[in-house]
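J.: My questions all concern the structure below.
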Amino acid sequence: MNHPNNGKLALLAGGDLGFWQALSVRWHVHGCERCQSDLLAFRRTHRLVTGAAKDLPPGVDWNRLSEEMTGNIRVGLAAGECVGGFSERPRLFHLSRHLRWNGAMAAALLTAVFVVGFWLNLPAPQADHLLTSLGRIAGRGTHAAPSEPREMLLASQQGIEVKANGTSLSYVPPESGNVVVSVSTRGSAAVRATDDDTGQTTITEVYDAR
Amino acid sequence: MRASFLALAAFALSIVTATAGVLPRVDLPRDSPVALLSSDPSGSGESIRGGTSVVDVRVALILRNSGQQRIRGITLVVLAQDVAPGGKASVTVPSLSVAPGETFPVHVDLRLLRPVQPGDAVVEIGLDGVLFDNLSFYGPNRLDSRKALTVYELEARRDRQYLRGVLEAGGPARLQQEMLAAMSRQADAPGIEVQMVRGRPTNVDPERQVKFAFLEFPDAPVDSPGGVAQVRGNEAVTPRIPVYNRSGREIRSVEIGWILHDQQGRNFLAGSVPAAVQLAPGEKRDVSQDSVLRFSSRAGQPMTITGMTGFVSNVEFADGHVWIPSRAELDTPNFAKALASSPEQDRLLQIYRRKGLKALVEELKKS
């Protein structure tokens, strides 16, 4: 046998259940002792609460309080309708939280791959230049960085290089064999390397603009 | 989603790196004493890295002596038009002994960086000069390769003669000692990093003037009381060295070798100060270059310059003859380690290392 739940019985006791549902519940309660007992208990409670509500604290104007509450509820409903109108539009992007995080991770990973690839493939002089520029930006010009010369010759055991106007020409000697590096103030840098296999000595020299 | 991610990553990488072909052009004069037998540019290529184009010029050339004289040295010039206004390099092979009709290899291995721009990199390889065994020269000599090749050849003759003398005086055992000592000097040679820039120095240390001591070579055609350079920390600015022509011949150019001393008492060959100076007999002039040289140790730490020594590295007379210091003059105890060995000595050392003492003795017996 299906008994009406306590909620319906409570609403019936307070006179708040709809007409057709009240008719159905009353029909059931009429032939069911258990539900009759429960309904009586709800009615007693309702009477007690109603009686207690009549004794409001001194100074409380129930009518005014009721109007304010009603007004607040109407404002809340109106605001909800406004917001509800907007929630329909971005439905296409209304992805689950899980998918949103996946998308963010994929974008971050792609950015990282691009940055690492770009950095690894960037030649050392350009990387130095970029680092210097970023350092200047980070320093916000609090101290004057030395002006980079337009033209420069570099010579070390790792090789020789001439840099000018954003371009460079360089030579890196083989790792094996004896390497002799020299610089001429006339404007050149040279590397002398002897080939381990053939024994042939080759002098490679780069020159600046002069 | 995984597939689209991989596609995006591949697209990103294709932006970072792309390659294309670069074929350097070899252009030798019609009457050149060397002929191009083959040119293998298979190692050359261009790749795009970020906003920069990296052009590798790797060419293996096989040249043939098409002249009538034995070739002792050759200088090729490599012109990369994109490095304005410089863009110039050279590849010199000294210590050759190529008879007429024989072939020899020359390897060009350079890297050019330039901003990404439309069109292929234009790289041309040409001839600057060829030196023959009678010290005659062929070529446009735009890089002053005549003097350089002559100096290398004279150094080769000097060193071969010296080692032959050692062999004759002390036999193979003494020659071996000499080779071991040379190898030890090579291994102990301190390395430095040098930056040379034009314009004003950037170091803010107080400037001080450091005097050049000058090594006295009795046979040198020029002499100097010593020069000066402005020193700021690890920078040496505009070395100025007065030279005096004490020979009876007109001089066309002088090159001064430059040895630095640091706080640890080490000596470094810093470079050379060449100058085209017309010096009549008895005339005195300053050899000077407006340059700023910045020195660092091999580890990249700035060096503190405490002193400098100069020596006459070579002198070219107006008639084209060249003077170089003798072995005895260069065997100065304090500076022998700092001075670089000649290309020929390096070649002979390589023969000793790879093939042994017997092969070296056989090599020295050749003309």
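The values are calculated or read from the model by the stated rules, or taken from the named source; none is laboratory data. Keep in mind the model is a prediction, meaning the values are calculated, not measured. Here the Cβ is made from the backbone with ideal geometry for all residues, glycine too, and neighbour counts use every protein chain on show.
J.: Considering A:Val162, A:Val183, which residue is within 7 Å of chain B (Cβ to nearest Cβ), closer than 26 Å to B:Thr238 by Cβ and at pLDDT below 85? If you could, list the steps in order and put the result at the bottom.
T.: Working: A:Val183 fails: at pLDDT below 85.
Testing whether each residue is within 7 Å of chain B (Cβ to nearest Cβ), closer than 26 Å to B:Thr238 by Cβ and at pLDDT below 85 leaves just A:Val162.
J.: Name the pairs whose Cβ atoms lie under 7 Å apart, with the first residue in the range A:35-49 and of a type in the set (Val, Ile, Thr), the second not in a helix (DSSP H, G or I), and 6 or more positions between them or separate chains?
T.: From residues that are of a type in the set (Val, Ile, Thr), there are no pairs.
J.: Can you name the residue in the range B:108-124 that is at the interface with chain A (Cβ under 7 Å from one of its Cβ atoms) and either crowded, with 22+ Cβ neighbours inside 10 Å or within 17 Å of B:Ile71 (Cα to Cα) (or both) and is also modelled with the highest pLDDT among such residues? Give the steps one after another, and end with the answer.
T.: From the range B:108-124, those at the interface with chain A (Cβ under 7 Å from one of its Cβ atoms) are B:109-115; that's our starting set.
Remaining after also requiring either crowded, with 22+ Cβ neighbours inside 10 Å or within 17 Å of B:Ile71 (Cα to Cα) (or both): B:110, B:112-114.
Numbers: B:Leu110: 88, B:Leu112: 79, B:Leu113: 79, B:Arg114: 75.
The residue in question is B:Leu110.
J.: Among the candidates B:Arg174, B:Arg142, B:Arg146, single out the residue that is modelled with pLDDT of 90 or more, surrounded by fewer than 17 Cβ atoms within 10 Å (Cβ to Cβ), under 25 Å from A:Val191 (Cβ atoms) and not β-branched (Val, Ile, Thr).
T.: Details: B:Arg174 fails: under 25 Å from A:Val191 (Cβ atoms); B:Arg146 fails: surrounded by fewer than 17 Cβ atoms within 10 Å (Cβ to Cβ).
Of the residues listed, the single one that is modelled with pLDDT of 90 or more, surrounded by fewer than 17 Cβ atoms within 10 Å (Cβ to Cβ), under 25 Å from A:Val191 (Cβ atoms) and not β-branched (Val, Ile, Thr) is B:Arg142.
J.: For residues that are among the β-branched types (Val, Ile, Thr) and modelled with pLDDT under 85, scanning just the range B:232-268, find the one that is surrounded by the fewest Cβ atoms within 10 Å (Cβ to Cβ).
T.: Kept after step one, since they are among the β-branched types (Val, Ile, Thr), are these residues of the range B:232-268: B:237-238, B:241, B:243, B:251, B:254, B:256, B:259.
From what is left, the residues that are modelled with pLDDT under 85 are B:237-238.
Working: B:Val237: 19, B:Thr238: 15.
Within the range B:232-268, the match that is surrounded by the fewest Cβ atoms within 10 Å (Cβ to Cβ) is B:Thr238.
J.: Further, regarding this structure: Within the range B:87-107, count every residue that is at the interface with chain A (Cβ under 8 Å from one of its Cβ atoms), on the phi < 0 side of the Ramachandran plot and of a type in the set (S, T, N, Q).
T.: Looking only at that region, the number is 2.
Here is a yes/no grid of residues against (1) part of a strand (DSSP E or B); (2) in contact with a strand residue (DSSP E or B) (Cβ under 9 Å, 6 or more places away or on another chain); (3) modelled with pLDDT of 90 or more:
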position: B:Ser38; (1), (2), (3): yes, yes, yes
position: B:Ser42; (1), (2), (3): no, yes, no
position: B:Ser47; (1), (2), (3): yes, yes, no
position: B:Leu61; (1), (2), (3): yes, yes, yes
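J.: Mind counting the residues in the range A:161-180 that are of a type in the set (A, V, I, L, M) and buried (at least 24 other Cβ atoms within 10 Å of the Cβ)? Working first, answer last.
T.: Applying the first criterion (of a type in the set (A, V, I, L, M)) to the range A:161-180 yields A:162, A:164, A:169, A:172, A:179-180.
With the extra rule that they be buried (at least 24 other Cβ atoms within 10 Å of the Cβ), the set shrinks to A:162, A:169.
Of the residues in that region, 2 qualify.
J.: If you scan the range B:351-367, which residues turn out to be surrounded by 11 or more Cβ atoms within 10 Å (Cβ to Cβ) and either closer than 13 Å to B:Leu163 by Cα or of a type in the set (Val, Ile, Thr) (or both)?
T.: B:Ile351, B:Tyr352, B:Leu357, B:Leu360, B:Val361, B:Glu362, B:Glu363, B:Leu364
J.: Quick one: would you say B:Phe132 is among the aromatic types (Phe, Trp, Tyr), touching a Leu at 6+ places or on another chain (Cβ under 7 Å) and away from chain A (no Cβ under 13 Å)?
T.: Numbers: among the aromatic types (Phe, Trp, Tyr): yes; touching a Leu at 6+ places or on another chain (Cβ under 7 Å): no; away from chain A (no Cβ under 13 Å): yes.
Spelling it out, it is not the case that B:Phe132 is among the aromatic types (Phe, Trp, Tyr), touching a Leu at 6+ places or on another chain (Cβ under 7 Å) and away from chain A (no Cβ under 13 Å).
J.: Please find, within the range B:50-71, the residue that is nearest to B:Ser38 (Cα to Cα) out of those that are surrounded by fewer than 22 Cβ atoms within 10 Å (Cβ to Cβ) and of a type in the set (Gly, Ala, Ser).
T.: Among those residues, the one meeting the criterion is B:Ala60.
J.: Mind listing whichever residues of the range B:273-312 are among the aromatic types (Phe, Trp, Tyr) and more than 30 Å from B:Arg146 (Cβ to Cβ)?
T.: So the first thing to find is which residues in the range B:273-312 are among the aromatic types (Phe, Trp, Tyr), and the list is B:295, B:311.
Matches in the range B:273-312: B:Phe295 only.
J.: If we scan the range B:330-340, do we find a residue that is away from chain A (no Cβ under 11 Å), over 26 Å from A:Arg192 (Cβ atoms) and either outside any strand (DSSP E or B) or under 23 Å from the mean Cα position of the chain (by Cα) (or both)? Even if it seems obvious, please write down each step before you answer.
T.: Kept after step one, since they are away from chain A (no Cβ under 11 Å), are these residues of the range B:330-340: B:330-338.
Among the residues that remain, those that are also over 26 Å from A:Arg192 (Cβ atoms) are: none.
For the range B:330-340, residues away from chain A (no Cβ under 11 Å), over 26 Å from A:Arg192 (Cβ atoms) and either outside any strand (DSSP E or B) or under 23 Å from the mean Cα position of the chain (by Cα) (or both): absent.
J.: Please determine, by comparing only the residues of the range B:293-308 that are in a strand (DSSP E or B) and buried (at least 21 other Cβ atoms within 10 Å of the Cβ), which one is farthest from the chain's Cα centre (by Cα). Step through it out loud before you land on a result.
T.: We begin by selecting, within the range B:293-308, every residue in a strand (DSSP E or B); these are B:293-297, B:302, B:305-308.
Those still in the list that are buried (at least 21 other Cβ atoms within 10 Å of the Cβ) too: B:293-295, B:305, B:308.
Working: B:Leu293: 17, B:Arg294: 19, B:Phe295: 18, B:Ile305: 23, B:Met308: 21 Å.
My answer is B:Ile305.
J.: Which condition does B:Val277 not pass, out of (1) under 25 Å from B:Gln209 (Cα atoms); (2) assigned to a strand (DSSP E or B), if it passes all the others?
T.: (2)
J.: Which number in (1) surrounded by fewer than 20 Cβ atoms within 10 Å (Cβ to Cβ); (2) more than 21 Å from B:Ile192 (Cα to Cα) marks the one condition that B:Leu348 misses?
T.: Result: B:Leu348 passes all but (1).
J.: Of everything in the range B:68-84 that's modelled with pLDDT under 95 and among the aliphatic types (A, V, I, L, M), which residue is farthest from B:Glu102 (Cα to Cα)?
T.: Among those residues, the one meeting the criterion is B:Ala84.
J.: With A:Gly76, A:Gly71, A:Gly84, A:Gly59 as the choices, which residue is at pLDDT below 80, part of a helix (DSSP H, G or I) and farther than 30 Å from A:Leu169 by Cα? Even if it seems obvious, please write down each step before you answer.
T.: Values: A:Gly76 fails: at pLDDT below 80; A:Gly71 fails: at pLDDT below 80; A:Gly59 fails: part of a helix (DSSP H, G or I).
A:Gly84 is the lone residue from the list that is at pLDDT below 80, part of a helix (DSSP H, G or I) and farther than 30 Å from A:Leu169 by Cα.
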